[in-house]
Amino acid sequence: MSEIFKGYRGPALELLKSFHVRVWSEARIQTTRGDFQGIVLPRSENDDDRHIVLKLPNGYNVGIAVETIRHIEECGYKEAHYKIPEREFPVSPEKRNVKLLGTGGTIASRLDYRTGAVIPAFSPGELYGAVPELADICNLTTEKLFAVFSENMGPTQYKILAQAIGEEIRKGIHGIVIGHGTDTMHHTAAALSYMVQHPPIPIVMVGSQRSSDRPSSDAALNLIHATKTAAEADIAEVMVCMFGPTSDEYGLLHRGTRVRKMHSSYRSTFRTIGDIPIAMVSREKITPLRQDYNRRRDDRTVEVIPVFEERVSLIYYYPNMHPDIIEALTDLGYKGIIIAGTGLGHVNKPLYPAIRRAVEKGVVIYMTVQTLWGYAHMFVYDTGRDLMTLGIVPAENMLPEVAYIKLGWVLGQTADPDRVKEMMLTPICGDITEREPYNGYLIYQGGIPEVEEFIKRFHK
Amino acid sequence: MKIVPSDLDPQRNFEETRQRVGYTPRQETPAEVYQQLGFICGLEVHQQLQTAKKLFCRCPAGIYQPDGYYDAELIRHMRPTLSELGEYDGTALMEFKTRKTVIYHIDNRTACTYDVDDTPPFKLNPEALEIALEIALLLQTTIVGELHITRKQYLDGSIPTGFQRTAIVGIEGRLPLPHKTVRVIQLSVEEDACREVSDVGHVRVYTTDRLGMPLVETVTYPDMQTPDEVAEAAHSIRFLTRSTGKVRTGIGAAREDVNVSIRGGTRVEIKGVPRIRYIPELVHNEAFRQKSLLVICEELLARMPAGAPGWQMRHVALDTDPPMVTSALARQAWEKGDCLVAVNLPGFRGILSFFTQPGRSFADEISDRLKVIACIEKPNMAHSEAFRPAEQGEDFEAIRRLLGAREEDAQILLWGPVGDIPTALETVEERCRLAFLGVPNETRKAFPDGTTMFERVLPGPDRMYPDTDSAPIAITEEMIERARRRLPPRVDRRLAQLREWNVPEDAFAYLLRHNLVPLVERIASELRFAPRFVALFLAHRLKHLQGRLRPDGPLDVGRIYGLLAFIRERGLEPEIAFEMLAPAYEHPDADLEAVLSSIGYVPRSRDDIIARISVLREEFARRNTSRDAGAGRRWIMGRLRPLALGNMPMAEVAAAIRAGESL
C-alpha cells in the first residue's frame, strides 16, 4: 500500500480514501461516540483493519473504530521527517581506536515522540549524541555490515563479519565492538571464536535486553562497558559483554565459546556455563576473574578461517523421539548432527538403527548434554557405551550450540571423520575445558533460607 | 536603576514585600481577589482500582510491605532519551544532572520481574479496564474505539522502566458541581508508581509494592476559579469514583495533582496531595507565590532592563579556612570537608528576602533547587538576607568585599561535596535568570502546612510514545453496553435521592465518600427501615464511633445490614440499633445475641412498661417539689428508657407519660 495510507487496509483504508484523508493529516473525526481531533498515524501492519490511529494533542494515541465514524475532515497536514543530528565524535591521540561493526541490533537510538518510531543511532556522531561518555573512552569509528535481526544471522554473516574483523586487525585497530541482537549472540560469538583465530586484540560482542529508547535501557551502559573493554582490556579473545547483575553496576566478559543466553528477558541474561567469566567490567575498571586468557599483542597478525558447512543440524532429544527424524536428516544429505541428549548424553533405543545407518552413510554425530552444565560421560551407563559403539562421539562439555557451530566450521574444512574428530575434540578458545571448577555451576535456588539471606545481602 | 534601601532589614523587607504582593490568609481572602489574580486551576485525580492483581503483571495488588522490609534490592540509573530534535527535555536534563542512583526494595510477594523491567508486560488486566470504563461513562466522556498503551517518561526513578504505561479510555467529559459544570479532558487507566522511601544526596530509595497497581487518572480543564471550588471538584470526583464500589480507599489510594496558574504566571503542578482538605490552602499559596514571582520579575527588570541575557553572577571558592564562615551550619559543612563557595548576585538586594509563601522567601526557591538538582542536602546555603537565625552568622561584609560586590547586590554562601559544586552553581544561576522571566514551569511537592517546594521541572508534552510491547485493545459497543448496565446512579442523582429522603445535608459527604447510599437503599427496601433513619444511623452514629473506637477487625457493610436484619427478625424497636452498634462495631465477629445482652436488654411487654409510670410519678412527687412538669417527665423517662429500649418506641413512652398526667 502506498505511503500515504501506511499500514491501513480493508475497511479502514476504504474509509480514509472515501474522506480523502491521509496519514499525517491533522483530522477532526465525528463518531457515534463523540468527536476526536488529532493527527492520523500510520497503523501497524499486524493490527486489525477496523481502526484508525490518532495522536491526540496531549501526546496520547487512541484508536477509533471505523464503524463508529460518521465524518472525517482534514484540517492540516504535517508529515514527519527525521534526521538524527550528528555531533562530531571527538578524537584524541591519547585514546585507543575502536571499531564498531553493526549487524542490525539497535544499541543506541533516538525516539520520535510524534510517531513513536525508534530511530537507530549508529554513526560515531549519532552515538556520541546518545552516549556522550563514549568520547572519554576511545576514538570510535563505525561500519554497518548488515541490518538483520539476530535470528536471521547465519553462516553468510559470520563469514563476512570474520573477514571484516581480520581486515580491521591488519589495519591496526586497537579493539573491535560488534553490535548484535541478543537472541543468537552466543552463536555468533562461537562462530567468531572459531573463524578468527589468535586475534591480537579484544573482540567484544554487545547488545541490549531493554530497548534503547527507554530511560532504564541497558544499552548505553553495555556499550560503555564494551568500548572500554575493546579499548583498554588486556584480553585478546572473542567475548560477550553484557550485564552481570540486573542492576546498573557492572558487566561480565564471557568467553565466546562458553556463553549462553539464559533468560528470555532479564538484563543479566548471559551466563558463562560450566566455568566462570573472564572478567568484570565497570565504567571505572576491568577486573579479571581468571588469568588464563590470551593477552593483547602489538602485532597485527590473525588467522581468519571463514568457512562453514551448512548441512549440520542440532537436535534436542526428547523421550519417545522417533528415528524418522535422524533418517530424514541422513536422506537429506546432512553431514553432521549434534544431539543434545539427556543426562550424561543419552537417547532411546529405537533411535539406534537410524543412528547406525547415518554413521554408515558418513554422517558424523556428536553428543552434548541438555543439562548444559557438565560433561557427556557416555561410559557410565550401557546406553552411553552402546551409542559410542554405534559411532556417536561425546563432545565433552561443549555447549550444544557451540558444538553445532564448531561442527559446521570443521566440516567446512574437512570431510574426513578422523580429522573432524580430532578437530572437534581439540579445545579451541575454551570450548572444552579440561576440568570444571566448583564455582562453574551455581544456580541459586530462591526460597531456601540461606539463599534468601544471600540474595538479600547483594545486589541482583 | 531603582533605589534600593541601603540598610536592608530582611525581616522587614519580607513583611513589606508580602504586603506589596497583597498576600492575605485564605480565610480573609474574598473570591474577587482570585478573579483579579486571574486564578485558574485544574485537577488530575489518581484513584487506585480495587482489583485483585496489578495492571500489567499477575502480582497481587494492595499489599504493602512494612517499612524497612524487603527481600532484595537492585540499582538503576535513568538516562534521558533524546527527542527528534536531538534536544533533551528540560526535566530529562535536570534528572540526568542529578546523577541519582535509584535503589529498589523488592518484596517477592508483591513484585515480579515485570515490576523491575526485566520482563515485558503481560496483557492489561481486564478487571481494571472494566472499572475504568464505568468511571469513564460516569464522567460522560467519549469512549475511544481502541485502547493504545502509551509510555509516559519519568526519569525520577519512580518507575523502574523510566516510563509509566498509560492509556486513554475516554476524552471530553463533564463533572457537574452544584453551581457549575467542570469539563473533563480525559480519563486514563495506568499503572501506579513506586513509593519513595528516602532521597538523600545522590541516592533515592523506592519500594515496589505499590508499583504497577491499576489506577485511573481523571484530568479536568482549568475550570475552577477559587480554592474552595477546587476542593469541591476533588470531592465530587472522589464521590463519583467511589460510587462504583470498585476503587480502593485509605491513605494514598486517591491522590490529587493540582495545576495552578494566575494571569501572567505559568502552569505549576502541585504533586501528590494526599488529602483533599489540604488543597485550598496549597492553591491559595501557590497563586500568591506566582504573584510574588511576577512582582520580583517586574522589580528585576526595572533595575536591570537588559534582563537575564545581560545578567552574570560571580563566585569565589573559599579554599583556605575563611574567617567569615562563622555560622554553626557553615562551620559544620567546612569541617565535614564540603566545598564552600561565595556567590554574588548582582542587583538582587532585597530579592532573597522577598516574600514568596508564608514563612518562605525567594532564597528558598534557590535552596530547594540546590537540594533537588545538585543533590545537596539542606541546609545547603546561607545568604545576605537571612532572617531565620540558623542561617545567620556569616560575615557577609567580608564576603561582599571578597566578591567585590556593590551595594545593590545580594550574596549566597553555598556548600556541598566538591563534585556537586558545578551543578550547584549552574542551578543558582539558572534560577536567578528565570526570575527575570516570571514563574518557571515546575512541579512542586505539597506540605501539610499549605506551602510547597520545588520538585522538578515540569515535563513537556514530548515524553509520550507508544508502548511497542503491547497490542491495542478494541473497546467494542458490547463492552460499553455491559459497563453501562453496571453503572451506579450518578452522584447528582444520589444527592437528589438523599434530599427526597429528607436526610440532612451534613450527612451527605460521609455517605457519598464511603459509598453508603446503596446500603441505605437496600436496607430501606429489604428490611423496611426508613431511609432517613438508616442514613443518620450511619452518618451520625457510625461516624461518631469510628472516630472513637478501635475495632478488632475491618468493618464491612454486611455487619451493618446484619445488625438491622437481626433487629427486624427479633421484632425489636429500631432505636436499639444505636445502642447495639458500639459493641457490634468494636467486635465485628461477636454474635449479635451476645451484643444484645451486653447492652442489658431484657424483653418487656408494653403494658409492663406503661404500668410503671404511675409508680414512678408517685416516687418523683415524694422526692421532688419542683413545679416544672417537664422535670418530672424527664426523670420518669430516664428511668424507663433502659427498660423500653428495643421493646417500645421512645416517642410512645413519652406520649404515655404525658397521657398519664391528665388522668
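The values are calculated or read from the model by the stated rules, or taken from the named source; none is laboratory data. Please read these numbers as outputs of a predicted model, since none were measured by experiment. All Cβ positions, even for glycine, are placed from backbone atoms using ideal geometry, and neighbour counts span all protein chains on display. Ligands, DNA and RNA are excluded from the accessible area calculation, which covers all protein heavy atoms including side chains. Shrake-Rupley method; radii C 1.70, N 1.55, O 1.52, S 1.80 Å.
First measure r as the distance between the Cβ atoms of B:Val557 and B:Thr476, then evaluate 1/(1 + (r/R0)^6) with R0 = 45 Å and state the FRET efficiency to the nearest 0.05.
0.85
Give me P(r) over the protein assembly as shown, computed from all C-alpha to C-alpha distances, binned every 20 Å, as integer percentages.
Values per bin, smallest distances first: 10, 30, 32, 19, 7, 2, 0.
Once you keep just the Cα pairs under 8 angstrom separated by 6 or more residues, what percentage relative contact order results for chain B?
Taking the mean separation of contacting Cα pairs over the length of chain B, I get 15 percent.
Which residues does a label at A:Gln197 reach in the range A:142-182, if reach means a backbone N under 16 Å from a point 7 Å past the Cα toward the Cβ?
Residues passing the 16 Å test: A:162-163, A:166.
Dipole of chain B (Lys/Arg Cβ +1, Asp/Glu Cβ -1, origin at the Cα centre): which of B:Val268, B:Ala233, B:Pro588 lies farthest to the positive side?
So the residue furthest toward the plus end is B:Pro588.
Which value, in debye to the nearest 20, gives the size of the charge dipole of chain B about its Cα centre, when Lys and Arg are +1 and Asp and Glu are -1 at the Cβ?
Using Cβ point charges on Lys, Arg, Asp and Glu, chain B gives about 2200 debye.
Evaluate 2.2 N^0.38 Å with N set to the residue count of the range A:321-460, then give the Cα radius of gyration divided by it.
1.24
Compute and list, largest first, the equivalent-ellipsoid semi-axes of the range B:225-369 from the alpha carbon gyration tensor, each √(5λ) rounded to a whole angstrom.
With the √(5λ) rule applied to the range B:225-369, the semi-axes are 41, 23, 11 Å.
Bins of 10 Å, beginning at zero and ending with the bin holding the largest distance: percent of Cα pairs per bin for the range A:128-254, please.
Histogram of Cα-Cα distances, whole percents per bin: 13, 47, 35, 5.
Suppose we look only past 22 Å in the calculated P(r) of the range A:190-337. What percent of the Cα-Cα pairs does that tail hold?
Of all Cα-Cα pairs in the range A:190-337, 50 percent lie more than 22 Å apart.
Per residue, how much accessible area does the protein assembly as shown show when a 1.4 Å probe rolls over the protein heavy atoms, in square angstrom? Write out the running numbers ahead of the final one.
Values: 46530 Å² over 1123 residues.
Result: 41 Å² per residue.
For the pair A:Ile160 and A:Asp386, how long in nm is the line joining their label points, each one 7 Å along Cα→Cβ?
Distance between the two pseudo-spin positions: 4.7 nm.
Across the range B:570-663, what fraction of all alpha-carbon pairs, as a whole percent, falls in each successive 10 Å bin from zero upward?
For the range B:570-663, the pair-distance distribution reads 15, 42, 26, 14, 3.
Which residue, chosen from B:Pro30, B:Ala474, A:Pro323, occupies the Cα position most advanced towards the positive end of the dipole of the protein assembly as shown, where the dipole is computed from +1 (Lys, Arg) and -1 (Asp, Glu) charges on Cβ about the Cα centre?
B:Pro30
With the Cα gyration tensor of the range A:19-70 giving a ≥ b ≥ c as the square roots of its eigenvalues, does the rule (a/c under 1.5 for rounded; else a/b larger than b/c for prolate; else oblate) give rounded, prolate or oblate?
Working: a/c = 1.35, a/b = 1.06, b/c = 1.27.
Rounded shape, in that the Cα axes give a/c under 1.5.
Would you mind working out the magnitude of the charge dipole of the range A:212-361 relative to its Cα centre, with +1 at each Lys and Arg C-beta and -1 at each Asp and Glu C-beta, to the nearest 20 Debye?
In total the dipole reaches around 260 debye.
Pull up the cross-link candidates among the lysines for B:Lys371, meaning alpha carbon to alpha carbon under 26 Å and not fewer than 8 places away within one chain.
By straight Cα distance, B:Lys371 reaches B:Lys97, B:Lys100, B:Lys152, B:Lys271, B:Lys291, B:Lys336, B:Lys445.
Treat each spin label as a single point 7 Å out from the Cα along the C-beta direction, and report the A:Val91 to B:Leu549 distance in nm.
For the pair A:Val91/B:Leu549, the computed spacing is 8.3 nm.
If R0 is 35 Å, what FRET efficiency do you get for A:His377 and A:Arg300 from their C-beta distance, rounded to 0.05?
The pair A:His377/A:Arg300 has a calculated efficiency of 0.25.
Show me the helices of chain B, taken as full DSSP H stretches, that run 30 Å or more along their long axis by Cα and average -1.0 or above in Kyte-Doolittle hydropathy. Present the calculation step by step, with values, prior to reporting the outcome.
Details: long enough: B:279-303 (36 Å, 0.23).
The answer, listed by residue number, is B:279-303.
Percent antiparallel among DSSP beta bridges with both residues in chain A, to the nearest 5?
Beta bridges within chain A, antiparallel portion: roughly 55 percent.
Say each of A:Gln37 and A:Lys6 gets a label point 7 Å from the Cα, pointing the same way as Cα to Cβ; how far apart are those two points in nm?
A separation of 2.4 nm, rounded to one decimal place.
Can you check how the C-alpha radius of gyration of the range B:194-288 compares to 2.2 N^0.38 Å, as a plain ratio?
Relative to the 2.2 N^0.38 Å estimate, the range B:194-288 comes out at 1.23.
Extension gain B:Ala594-B:Asp9, at 0.36 nm per residue separation less the Cα-Cα distance, in nm? Walk me through the numbers before you get to the answer.
Working: separation 585, 0.36 × 585 = 210.60 nm, distance 7.11 nm.
Computed gain between B:Ala594 and B:Asp9 is 203.5 nm.
Based on the Kirkwood radius over alpha-carbon pairs, what value in µm²/s does the Stokes-Einstein equation return for the translational diffusion coefficient of chain A at 37 °C and 0.692 mPa s?
Stokes-Einstein gives a translational diffusion coefficient of 132 µm²/s.
Across the Cα atoms of the range A:128-199, what radius of gyration and what greatest pairwise Cα-Cα distance (Dmax) are found, in Å?
13.2, 35
Taking every pair of alpha-carbon atoms in chain B, give the share separated by more than 46 Å as a whole percent.
Value for chain B: 35 percent of Cα pairs lie more than 46 Å apart.
What is the range B:421-533 by shape, rounded, prolate or oblate, if you read a ≥ b ≥ c off the alpha carbon gyration tensor as root eigenvalues and call it rounded for a/c under 1.5, prolate for a/b larger than b/c, and oblate otherwise?
Oblate, because a/c is 1.5 or more while a/b does not exceed b/c.
Accessible area of chain A with a 1.4 Å probe: how many percent of it is carbon plus sulfur?
51 percent
Show log10 I(q)/I(0) for the range B:287-395 at q = 0.10, 0.18, 0.19 Å⁻¹, two decimals, from a solvent-free Debye sum over equal Cα scatterers.
Log10 I(q)/I(0), no solvent term: -0.33, -1.02, -1.11.
Taking the Cα centre of the range B:315-389 as the origin and placing charges on Cβ (Lys, Arg +1; Asp, Glu -1), which of B:Val341, B:Gly359, B:Thr326 is farthest toward the positive end of the dipole?
B:Gly359
Could you give the length gained by full extension between B:Glu500 and B:Val200, i.e. 0.36 nm per residue of separation minus their alpha carbon distance, to one decimal place?
Extra length available between B:Glu500 and B:Val200 comes to 102.5 nm.
Take the Cα of B:Asp71, step 7 Å along the line toward its Cβ, and report every residue of the range A:414-458 whose backbone nitrogen sits under 12 Å from that point.
A:446-449, A:452-453, A:455-456
What's the FRET efficiency of B:Asn108 with A:Met262 using the Cβ-Cβ distance as r and R₀ = 25 Å, to the nearest 0.05?
With a Förster radius of 25 Å, E is 0.80.
Please give the charge dipole size of the protein assembly as shown, origin at the Cα centre, charges +1 on K and R Cβ atoms and -1 on D and E Cβ atoms. Round to the nearest 20 debye.
Here the protein assembly as shown has a charge dipole of around 2120 debye.
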